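The values are calculated or read from the model by the stated rules, or taken from the named source; none is laboratory data. What you see is a predicted model, and the numbers here were worked out from it, not measured in a lab. A quick note on method: Cβ atoms are made from the backbone with ideal geometry, for glycine too, and the neighbour counts reach across all protein chains shown. Heavy atoms of the whole protein, side chains included, go into the accessibility calculation; ligands, DNA and RNA do not. Shrake-Rupley method; radii C 1.70, N 1.55, O 1.52, S 1.80 Å.
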Amino acid sequence: MRKMLARGALLFVLAAVSARETGSAGGIRFRALDVFVDAGAEALAAYQVEISAESDGHEAMSGTEPKIVGVEGGEPEAYASPPYYDPAALQGGRIVLAAFTTADAPPRGRMRVARIHMAEPEGTEVRCSTRLVVAAAPGGSRIEAAVELAPTGGAR
Amino acid sequence: MRKGFVVAGCAFAAAVACALTLGSCMKGRGVLVPEALHWGSAIDGCADRGLFGPPGAEVWILSQTPGPDAPARAATRAAEADRADLPRGGELRARLPGAAETVVLPLKHTDVKGQVTIYVASVRVRQEYHNPYSEKIEAIYVFPLPHDAAVRDFLMKVGERTIRGIVREREEAQRLYLEARRQGYVASLLTEERPNIFAQSVANIEPGRSIDIEIAYFHTLTFSEGVYEFVFPMTVGPRYNPAGDRDGVGAVAYGARGSSRQRTEIEYLRPPTVGSHDVSLEIEIDAGSPIRSIESPSHEILIERPEEDRTVVRLNPLDSIPNRDFVLRYRVDGRDIAAALAVHKAESGSYFALAVHPPLDLDEIPAPPREMVFVLDSSGSMDGEPIARAKGVVAGCLERLRPADSFHLIRFASDASTFSAGPLPATRENVREALAWVENASAGGGTEMLKAIRAALDFPRDPRRFRVVAIFTDGYIGNDRELIGEVERSLGPARVFAFGVGTSVNRFLLEGLARAGRGAVAYAGLSRDRSEDLRELEAFFRRIEHPVMTDLRIELEGGGEAEAYPSRIPDLFAGRPVWVVGRLEKGALPSTVRILGRVGGEPREIAISARPGATFDHDALPCVWARAKIAELYARVFASAHGFEVEPEIKRVALEHGLVSAYTAFVAVDSLTRTAGDHGTTISVPANMPAGVRYETTVCER
């Protein structure tokens, strides 16, 4: 099961969030999604994930697709700094995030490695998908891991 | 005393004020002590003892504005630093409408950390914004960066959380920012107004809260006459905008926002008032070979040398007011750059940056007769020290003319005027009269540089002479792009050199004129020591004597075709290398880079090895290359009525490499921090006047 996930299986997360939870007006709502990587028993020294988003019936219209407006770090100290993103990939309608740590004891298990801040067209259902491109242990060897997205708690 | 603002002084001035007010009290006149101002225990002590007279009496304090020189002042400041209770010189405080207290403005501090590897600089600038008011604010700050900075990264720190911004098309980034602002989210936006002027907006800063913005950029250092130069600009000089131009950069008094009707506007503080924010700066240099000497002509610095070829330079905290560019110069062992070729392999291709040096044995080639055209800026911003320095340099150039040369003198302010109807032979009598004309030049009025450039390039050429145009200016003009375009279009076989005069000159314009003019740039007026100007002049004149190598092109051995910039490589002048950056789409780096050109009409070749060990690697090269390509595309925009056709390509390159440009911007929204109410009051962070520039002749007041 983990192997299927680690080999690039897509996880589709239905991300239709009500306007009440995020607050919206003027055609755009803002919300955050957390990115989790589960490396199991392995130490996660580096990761690269790809995230794409589309909203129903609007992606073909200029200026109304979901947009990423910020990238934040995760919970473990090793991944507290915001990951880097690939600007070229962003032009292809997806975001590729990557980070690594040189900590002596990289974290293990399921962890929130990043958070993305989104601007979405109001009144649409937005679907986000994510794919784990690579996960690595200290030393650079590839490891099996799972990635998922989940909405962050609402705005304070 | 202007409502809402005060100028606090040093201990000496306070003592003088105490004495004056004591005297005036004794004469029966009162002095006003404003409420809720922190003036330090010394002055509080005076107030407590009633030395300022009864409540409601008015107090004037003399300010002491730091200047570019004065070890003596540094000593005074060192003494003052021990007295933390004393007010700092010239600190500006403000009051929101209806508020009782005055507070410092939102930008508290700017911290600069740079790392130089051979000749590539990686710099991080952190701006600390704080809301000292009792209501929400949006802070807006227009500030300079080096004109060739590849702005690559943007971080917004909200409390303990840090959010990395995303580069988007400019209109889209602005739309997202404005919508986030309207909905109450903490958000920030970074736009480029000129290649060397940026605008930072931070929305919904709640009372008492702080938000830090960190900007990262890469650029290459200049190298001339064996000296590397690192520059960090600290303030934007006030620009003149020709009548009818609405896409310029307006210079207005603090509080007069909107009065210039320009798209970009900077509010200036009237000296001796300076802003409450200061700058800290630390640069670590790994020069690749031992550093022989290091100095800053602009600031007091502290130097550490942990290793022979590694140096850490810090700005002296006592010299931290941002009113002039920080300039650092250092010389390394050996006449040439230690490693002339930098390389890097990335997913998008293989990149190289190359420094092309003039061959050492060619300095003595005789120069052809020249037609020298001197263009002197005598506009209002040049009033005082700048025009005095410029006149000195022009006079030095006139005195160096040879009998075979001819010369033409043009002066410009609100209009352009000439010494003679056309070029004159450089006879002793003509030169003597020209020197008198230059000496009598005074500064005032606008900056109609376009007329002067046309006057310098458009008159018929003497086929027996090589035309060299030398422009002496601070570059304080809003239509800089139009000027660069004019030189691109009208250059022909002439060459244009730019000589920047002042403490915070417009390097984007000066470097742009030199690049479009296939010439070179020099700077004067930064040093406290005028003899340094003379040395700079000597080097400058050697360069404009004649180019050492012309018609340059690059060939690569192995590695395939390269997309290199500048696509038209400038001529090579004595003592000053030419920089070329290139990208190969596929695979391997070349084994050798050959530079071909002509010396005295004869073919000549320089070969540079790309073997490992002869090069150094730097991951900034893709961004440096992209920035160079964007600069070249900008030049096409400036030069042609159809230049807008390259705008999509600029946008594409900037977005692919994640760079800020005229058509792209960074935006960051914290979707977890939503504040109540509307976006609050917009507060513009004012700029300090550049040292040596007169406020009265350059800033528009209401």
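The table that follows gives values for the structure above.
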| read-out | value |
| --- | --- |
| Ranking by accessible area, most exposed first, for B:Thr698, A:Thr130 with a 1.4 Å probe | B:Thr698, A:Thr130 |
| Ranking by accessible area, most exposed first, for B:Thr427, B:Thr592 with a 1.4 Å probe | B:Thr427, B:Thr592 |
| Heavy atoms of B:Lys136: accessible area, 1.4 Å probe, square angstrom to 10 | 20 Å² |
| Karplus 3J(HN,Hα) series, Hz, for the stretch B:645-653 with 6.51 cos²θ - 1.76 cosθ + 1.60 (x for Gly, Pro) | 5, 8, 4, x, 5, 4, 4, 5, 5 |
| FRET efficiency for B:Arg465 and B:Trp437, using Cβ-Cβ distance with R0 set to 25 Å, rounded to 0.05 | 0.70 |
| Linear extension gain, B:Glu307 paired with B:Ser640, 0.36 nm per residue minus alpha-carbon span | 114.8 nm |
| Distance in nm between pseudo-label sites at A:Val133 and B:Leu596 (7 Å out along the Cβ direction from Cα) | 4.0 nm |
| Global geometry of the stretch B:466-606, whether rounded, prolate or oblate, following the gyration tensor of its Cα atoms and the 1.5 cut on a/c | prolate |
| Quotient of Cα Rg and 2.2 N^0.38 Å for the stretch B:386-443, N being how many residues it contains | 1.09 |
| Evaluated at q = 0.18, 0.25, 0.27 Å⁻¹: base-10 log I(q)/I(0), Debye formula over Cα of the stretch B:214-287 | -0.92, -1.16, -1.26 |
| Most positive-pole-ward Cα, B:Pro242, B:Ile213, B:Val231, against dipole of the stretch B:202-353 from beta carbon charges | B:Pro242 |
| Among A:42-49, B:149-156, B:402-409, the order from most to least packed when residues are scored by Cβ within 10 Å on average | B:149-156, A:42-49, B:402-409 |
| Segment B:Arg124-B:Glu632, extension gain: residue separation times 0.36 nm, minus the distance between their alpha carbons | 180.4 nm |
| Probe 1.4 Å, all protein chains present, accessible-area order of B:Arg331, B:Arg507, A:Arg110, largest first | A:Arg110, B:Arg331, B:Arg507 |
| Extension gain (nm, one decimal) between B:Glu696 and B:Glu225, 0.36 nm per residue minus Cα-Cα | 165.8 nm |
